[in-house]
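Derivation of every value follows stated rules applied to the coordinates shown; laboratory data play no part. Just so you know, these numbers come straight off a predicted model, no measurement behind them. Note that each Cβ is placed from the backbone with ideal geometry, even for glycine, and that neighbours are counted across all protein chains shown.
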Protein chains: 4
Amino acid sequence: MSNKIKVGIVGGTGYTGVELLRLLAPHPHAELHAITSRGEAGTAVADMFPNLRGHVSLKFTDPSSSSLKDCDVVFFATPHGVAMKQSQELLAAGVRIIDLAADYRLQDTAVFEKWYGMPHSEPELLRESVYGLPEVNRAKIKTARIVGNPGCYPTATQLGFLPLIESGCVDIAHLVADAKSGVSGAGRKAEVHTLFAEASDNFKAYGVSGHRHLPEISERLSVAAGKAVGLTFVPHLTPLIRGIHTTLYARITREEDFQALFEKRYASEPFVDVLPPKSHPETRSVRASNTCRIAVHRPQGGDTLVILSVIDNLVKGAAGQAVQNMNIMFGYDECAGLGQVPVLP
Amino acid sequence: MSNKIKVGIVGGTGYTGVELLRLLAPHPHAELHAITSRGEAGTAVADMFPNLRGHVSLKFTDPSSSSLKDCDVVFFATPHGVAMKQSQELLAAGVRIIDLAADYRLQDTAVFEKWYGMPHSEPELLRESVYGLPEVNRAKIKTARIVGNPGCYPTATQLGFLPLIESGCVDIAHLVADAKSGVSGAGRKAEVHTLFAEASDNFKAYGVSGHRHLPEISERLSVAAGKAVGLTFVPHLTPLIRGIHTTLYARITREEDFQALFEKRYASEPFVDVLPPKSHPETRSVRASNTCRIAVHRPQGGDTLVILSVIDNLVKGAAGQAVQNMNIMFGYDECAGLGQVPVLP
Amino acid sequence: MSNKIKVGIVGGTGYTGVELLRLLAPHPHAELHAITSRGEAGTAVADMFPNLRGHVSLKFTDPSSSSLKDCDVVFFATPHGVAMKQSQELLAAGVRIIDLAADYRLQDTAVFEKWYGMPHSEPELLRESVYGLPEVNRAKIKTARIVGNPGCYPTATQLGFLPLIESGCVDIAHLVADAKSGVSGAGRKAEVHTLFAEASDNFKAYGVSGHRHLPEISERLSVAAGKAVGLTFVPHLTPLIRGIHTTLYARITREEDFQALFEKRYASEPFVDVLPPKSHPETRSVRASNTCRIAVHRPQGGDTLVILSVIDNLVKGAAGQAVQNMNIMFGYDECAGLGQVPVLP
Amino acid sequence: MSNKIKVGIVGGTGYTGVELLRLLAPHPHAELHAITSRGEAGTAVADMFPNLRGHVSLKFTDPSSSSLKDCDVVFFATPHGVAMKQSQELLAAGVRIIDLAADYRLQDTAVFEKWYGMPHSEPELLRESVYGLPEVNRAKIKTARIVGNPGCYPTATQLGFLPLIESGCVDIAHLVADAKSGVSGAGRKAEVHTLFAEASDNFKAYGVSGHRHLPEISERLSVAAGKAVGLTFVPHLTPLIRGIHTTLYARITREEDFQALFEKRYASEPFVDVLPPKSHPETRSVRASNTCRIAVHRPQGGDTLVILSVIDNLVKGAAGQAVQNMNIMFGYDECAGLGQVPVLP
């Protein structure tokens, strides 16, 4: 017990917060030390999230009074803009930071400010921070003081496109990502359009003009390509609780054994599973787990590849990836605490 | 009463069958005369479909003994291959035919035989038959003896692509249709993959290698284009009962006012609703109605158009379109019996 | 057109409001004249509810400026407490009122004030008003100036219990109503517990200590019994959009042919369908329609009757029943505009 | 590894089978040795259940060729009637048996034969077998050769009623259990009524005349009471994948502190959680876990108690309880391998 790291969570009342708790409560190397919420200070976490009864005995504490500075690592499961404001103080106390919001995702502050409508208060920390996609940045994550945990759509989309882009075999000027998300991706805010009676038995696109995950995906794919990519990104809301399915379209510019390309790229990745040819990954095959499953298709032998990529948006798309990053940062087995078998049915 | 037409339905135990009954029971110009089912002969239709209690008093009759030949029009809501076998006899009796299966959709018999795995027994009738998409073939439908009612995906996809293709302003060699269907599209057959515990809270693509609706869409779009189109078509199963949402991608080759193009194309169509710019049509906005709603997007002002098109797969994608065809064939108001306000929520 | 009645709706932005519009737009004897909303004045109704595009051209108007007083009848689809405040002025202008909230349901003002936490400002109008369950109060509804439209649970529960209570054959001191409601019953307010990600794939009881529909049911059943009844009422939230299923338990105190009792009681009721013995009514068999379906069971021949009663909470449980009351009040065919075939699947 | 017990599963292609695999694959004391399926012999288990990719490497083997006799324990996740036929041979080989079907649930063979429509071929083994509800039979389970794992409804219902019945404070002649189950309870058989398009957005009772779990509950409650109980049991199908919610009604015959009664009864039970007064347990609060949560209500201070009891039908209602029984039988920590935090949302 004594050699577990102390973990703090800021803003634990949303879905990424409760998911962090589900994963961290039984984690072999982590000890929940503090969880803050301005509105719920004093409330037992398990009173708000009854699934945690018997697993988490902490109460929410007020952010000001909390002992976050005693922690080894603090996760921010907060709205955009919160983590940057508390970063300096925590870093000064030797605390490492994993932000599940967007404060440390986009490296270009101008782009951040355009899409998130607020100035970035810590441009230097932003430069220092590491984008926490382990399949790309593992070495940097190991030593990072601040990790910007990727968005859910960006995780599924990048993992699907990366092998193609890194190998330079497709037209990167005209990528298409048609993405579908379960409703938990919208968070636990009370809003009309995510009510059961609105979102159930219904399917719609949204944000076609421009979604905040578009610049994140574009930026990271451009880094991988070594030049700017062109991406059409269309998110959709589908009546699942959890799950993202991205259907990716790319025009072939150079022949390859595309199946082998993916298998080789992810051969040693513990959380990316390249399915056999002709497969159709289902979101439930990764439900409540940290796995991304990918299938590679070339319909009718034409010149357009179709890549299917699924994750659980709350796990590999948020809390699970954050724990994976924590494991890397602290030198633990990358899979520690992430061995959950997906829940099917 | 006496000047209503007599309507027969072959194979009324599936979802297109019960949906035909829902629409035809209160139809002002149609009288349900016979409904056949080999397995359910003698059963009251309302015993199988309790929503019809008080609305439909017919019993299923055996196909052999039934009085289909007394009808003015017969709908086939049967598996593929049934309608063609009964067509000659019915036509000889002066009955007009609307087939909701695929027997009279694909004009190229070789293509039919490849995708449906059976010979076409009536190639001459196939040549005579009319593809029943009123927005394209209204004049021919009026006088047709046999109408091949379009598939559900093909209806939503064609209505979304047609204005672009007819005007010749996009690259027709590389069209992408990413389509999502509710589970009723798979029919009322008992199969494991469409069980509630399999299909609920789950999302997946299927048939990426090749789905039967691909050749249908390609053939009709090629007719519209005057030359062969290239189409990548990826269908997905989404946990809705009813609804199809297609997200269509096309590269611009000539500038146009695309919103105006769509509005003009469908200005006089009673069942196609072009939404204002920036709209995101929801499947529930057409639930249980014969309307197709379409939105036109050009994300980030780039060179790729995104067209969103939604229908209720059982209505505009099947039974409603069949009734629309019947109205046209018999000279009724095209909207007769199809005025249902969509059910929301 | 000229001899249609003018209809006004106060508070048309919730689910009962949009459902009233769905039913009234094609109603043969009603003309939508005004629909008010403080927050949405100036917005086209069809912009908020896209299912109404092409069916309703009205805009919301501010309550103060609206021409409600020109109407023949005004429906209140508002929170509790609104209708009572506007009643005097409308009545003075000759307008008849149908309130879909609770202001005119409970005859005992003390009970109203206890359960709804507000004083009743119009006790005299309350005494004058008629409880709008046509199966009980048809004659009084015909001439009423104010109708208090029943709650959804009370409608399903009363229709299931009434034949037993009126005939005096069960122990009325220990009735049990175990009721399950779809989520639309909670309205279109943004609240966490009715979010898709909270209410989907989940089932729970709520309000076991006391739900506002308990006194309403008790009061009306007591009126039917001629003395106070004892009722245990447990509502549950179930992941449906629409639908209420009540499972009612009553101890037999006198033998009867219970099936015949129900069939006789409802023989001439257009919207109550007593199913054959051994039936299990499904909520979808009444989806989007004004019908209540009931089945009568006596398991194992024991001394406990089990009555199953289903309605669509937004139709027979709210807007449909309100239109039924309007039809009665204005002397139209009681079924006018209510002939919708339930939507299944 | 060497001191793990060898586990076999007969009939692993249904939901209880895949759930056993999800729980047993990471179990610290169990090693999956054989899994049989007549129809799927040779297929990798993970090809049928893609959630198990990376977790289970076994293939299905033919029942005849399989090495079940080398196992320490064999689970039967088969249709009723299979386990009894293979019991003698396995017992003779020293294998202990946990049957998840009904062969060893009902002690009265006549009752078994009436409700399951087949003779019981092993009445002596039935007499020897132990009903596997640990909260009642822990000591006997420890030494049992054959455990009959309880049904899902019976588990939730008994745990809710037992404290009342054991303490003799309610009228046991008129118990009411109103139970609601998710659709996975119907198994993974392809049947029309459990299709997504049938069971989604729908709610219905079924088997009101008599469900097979009625005699099981009655028999066990009668054992607890020391005399025959009278029970009205009404199961309902609700659109969840997993979860059972029972709402239990009992008339008080002797005053007690009912909350304290429940808390005391289950104080040392690791998998029964008595919630604080006024609570409403949600099925999702136990999703994918072995916990049963119970709340005790006395509405309006009347004479009728309402007990709410929720489980995951596939875990505490099937596979999890079976693993709990295995742990007890082999002297392991009863919670071994069953520490999963419920998945919410």
Could you line up D:10, A:183, A:111 from fewest to most neighbouring Cβ atoms inside 10 Å? A:111, D:10, A:183
Rounded to the nearest 0.05, what FRET efficiency do residue C:335 and residue A:3 give with R0 = 56 Å and r taken as the Cβ-Cβ distance? Could you check? 0.15
Please give me the summed charge of the neighbours of residue C:93: other residues whose Cβ is under 13 Å from its Cβ, Lys and Arg +1, Asp and Glu -1. +1
Listed with the fewest Cβ neighbours within 10 Å leading, A:169, A:71, A:292 appear as A:169, A:71, A:292
7 Å along Cα→Cβ for the label point: how many nanometres lie between residue B:69 and each equivalent label in the other copies, listed shortest first? 6.7, 7.1, 9.6
Could you tell me which residue out of B:14, B:91, B:46 lies farthest along the dipole of region B:5-128 toward its positive end? Charges go on the beta carbon: Lys and Arg +1, Asp and Glu -1, centred on the Cα centre. B:46
Copy-to-copy label separations for residue D:93, where each label sits 7 Å from Cα toward Cβ, in nm and ascending: 6.1, 6.2, 8.5
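Could you work out, residue by residue across D:290-301, how many beta carbons of other chains sit within 10 Å of that residue's beta carbon, and then give the average as an integer?
Mean partner-chain Cβ count within 10 Å for D:290-301: 3.
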Fewest-first ranking of B:269, C:334, D:216, C:19, using other Cβ atoms within 10 Å as the exposure measure: B:269, C:334, D:216, C:19
Between the label point of residue C:191 and that of the same position in each other copy, find the distances and list them shortest first in nm, with every label point placed 7 Å from Cα along the Cα-to-C-beta direction. 2.0, 3.5, 4.0
For region C:136-181, just say rounded, prolate or oblate: build the C-alpha gyration tensor, square-root its eigenvalues into a ≥ b ≥ c, call rounded for a/c under 1.5, and beyond that prolate if a/b exceeds b/c, oblate if not. oblate
So, over other residues within a Cβ distance under 13 Å of residue C:32, counting Lys, Arg +1 and Asp, Glu -1, the net charge is +1
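In percent, what relative contact order does region C:165-300 have, based on Cα pairs under 8 Å that are 6 or more apart in sequence?
32 percent
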Gyration tensor verdict on region D:93-165 (Cα atoms; rounded if a/c is under 1.5, prolate if a/b is larger than b/c, oblate otherwise): oblate
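Any idea what the relative contact order of region D:5-128 is, in percent, if you count C-alpha pairs under 8 Å spaced at least 6 apart?
Taking the mean separation of contacting Cα pairs over the length of region D:5-128, I get 23 percent.
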With each run of n ≥ 4 DSSP H residues scored as -39500 (n - 2.57), what mean residue ellipticity at 222 nm is computed for chain A after dividing by its residue count and rounding to the nearest 500 deg cm²/dmol? -8000 deg cm²/dmol
Report, in listed order, any pair from A:180/B:316; A:278/D:59; A:204/B:204 with a Cα-Cα distance greater than 19 Å. A:180/B:316; A:278/D:59
Relative to the first principal axis of the alpha-carbon coordinates of chain C, what is the inclination of helix C:134-143, with its axis defined by its Cα atoms, in degrees from 0 to 90 and to the nearest 10? 30 degrees
How large is Rg over Rh for region B:152-312, taking Rg from the Cα atoms and Rh as the Kirkwood inverse mean of 1/r across Cα pairs? 0.97
Relative to chain D, whose Cα atoms define the longest principal axis, helix D:320-329 and its Cα axis are tilted in degrees, nearest 10, by 70 degrees
For the protein assembly as shown, with only Lys/Arg (+1) and Asp/Glu (-1) charged at the beta-carbon, what is the dipole magnitude about the Cα centre, in debye rounded to 20? 0 debye
Which shape class, rounded, prolate or oblate, goes with the protein assembly as shown when its Cα gyration tensor gives a ≥ b ≥ c as root eigenvalues, a/c under 1.5 marks rounded, and past that a/b bigger than b/c marks prolate? rounded
Around residue B:145 (Cβ within 10 Å, Cβ-to-Cβ, excluding residue B:145; K/R +1, D/E -1) the net charge comes to 0
Size of charge dipole - chain D - debye, nearest 20, with Cβ of Lys, Arg +1 and Asp, Glu -1, no other charges: 260 debye
Cα-based helix-to-principal-axis angle, C:82-92 vs chain C, degrees rounded to 10: 60 degrees
